[in-house]
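> There's a structure below that I have some questions on.
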Amino acid sequence: MPIIMLSALGGERDRVAGLRLGADDFVGKPFSPRELVARVDSVLRRSGPAPAASRVLADGNLTVDTDRHVTTLADHAVALTVREFALLRFLVGNPGIAFTREDLLKQVWGWTVGDRSTVTVHVRRLREKIEVDPTRPTRLLTIWGIGYLWEAQG
């Protein structure tokens with residue numbers, strides 16, 4: 001999602017800080033409505049096309065409907081939190097790739113810094129909901145010294 005920071009602070013230090021924090025553009029007061037509209041249009045052009053239509057990820061007896069935010073396992077609904085769903089969607093959408101906890105914090109949570117144990121807790125809870133035996137996972141694998149990998153079931 002594009003972010004335009006509007007601020008009464010318009011000095012160079014403030015603009016650089018805003019951009020480093022993740023803003024796509026920075027507008028200092030005062031500004032005209034025409035300038036703001038032009039900047040919004042510019043950021044939207046750079047942000048790329050709208051997301052694709054409905055997408056359902058399937059892996060064996062697991063389906064992840066990304067539009068409806070519905071997950072089913074063997075035709076039974078799986079109740080997931082928003083973060084669990086986002087983590088599952090990301091991993092199922094990228095099978096066979098090992099991700100570090102830092103990668104997952106950035107890709108799923110949108111954080112560049114944070115407590116890596118957050119990922120560990122969410123992985124454990126997700127395994128409890130989607131694995132036959134959470135103590136011996138076959139889908140959401142731990143790659144020791146690296147992080148986690150989604151093993152496609154075919």
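The values are calculated or read from the model by the stated rules, or taken from the named source; none is laboratory data. Note that the structure is predicted; figures quoted are calculated from it, not measured. Note that each Cβ is placed from the backbone with ideal geometry, even for glycine, and that neighbours are counted across all protein chains shown. The area values use the complete protein model at the heavy-atom level, side chains included, leaving out ligands, DNA and RNA. Shrake-Rupley method; radii C 1.70, N 1.55, O 1.52, S 1.80 Å.
> Please compute the Kirkwood hydrodynamic radius of the chain from all pairs of different C-alpha atoms, in Å with one decimal. Please list the in-between numbers first.
Working: mean 1/r = 0.0553 Å⁻¹.
Evaluated on the chain, it is 18.1 Å.
> Also, I was wondering about something else. Pull up the DSSP beta bridges for the chain and report the antiparallel fraction as a percent, rounded to 5.
Expressed as a percentage, antiparallel bridges in the chain total about 80.
> So, for the chain, what is the accessible surface per residue at a probe of 1.4 Å, expressed in square angstrom?
65 Å²
> Separate question: Compute the length gained on full extension between SER47 and ARG13: take 0.36 nm times their separation in residues and subtract their Cα-Cα distance, giving the result in nm to one decimal.
Here the answer is 9.7 nm.
> Label the range 1-52 by shape, choosing from rounded, prolate and oblate, from the square roots a ≥ b ≥ c of the eigenvalues of the Cα gyration tensor; if a/c is under 1.5 it is rounded, and otherwise prolate applies when a/b is larger than b/c, oblate when it is not.
Cα axes put the range 1-52 in the oblate bin.
> I would also like to ask the following. Between VAL119, VAL40, VAL82, which gets the highest mean-square fluctuation from a Gaussian network model of the chain, Cα cutoff 10 Å?
Ranking VAL119, VAL40, VAL82 by mean-square fluctuation puts VAL40 first.
> Nearest 500 deg cm²/dmol is fine: what mean residue ellipticity at 222 nm does the chain get from its DSSP H runs of n ≥ 4 alone, each adding -39,500 (n - 2.57), divided by its residue count?
Mean residue ellipticity at 222 nm (helix-derived): -10000 deg cm²/dmol.
> Along the charge dipole of the range 12-154, Cβ charges K/R +1 and D/E -1, which of LEU87, THR112, THR138 sits furthest on the positive end?
In the range 12-154, that residue is THR112.
> A further question on this structure: Taking the Cα centre of the chain as origin, work out the dipole magnitude from +1 charges on Lys and Arg Cβ and -1 charges on Asp and Glu Cβ, in debye rounded to 20.
Values: 21 positive and 18 negative charges, 68 e Å.
Around 320 debye, computed over the chain.
> Could you give the Stokes-Einstein D for the range 86-129 in µm² per second, using the C-alpha Kirkwood radius, 20 °C, 1.002 mPa s? Don't skip to the end; give the middle numbers.
Working: Rh = 10.7 Å.
For these conditions, the coefficient is 201 µm²/s.
> Rounded to whole Å and ordered largest first, report the semi-axes of the equivalent ellipsoid of the range 75-154 derived from its Cα gyration tensor (root of 5λ).
19, 14, 12
> How big is the equivalent ellipsoid of the range 38-126 along its three axes, where each semi-axis is √(5λ) from the Cα gyration tensor, reported in whole Å from largest to smallest?
In descending order the semi-axes read 25, 20, 11 Å.
> Given R₀ = 41 Å, what would the calculated FRET efficiency be for ALA79 paired with LEU6, taking r from the Cβ atoms and rounding to 0.05?
That gives a FRET efficiency of 0.60.
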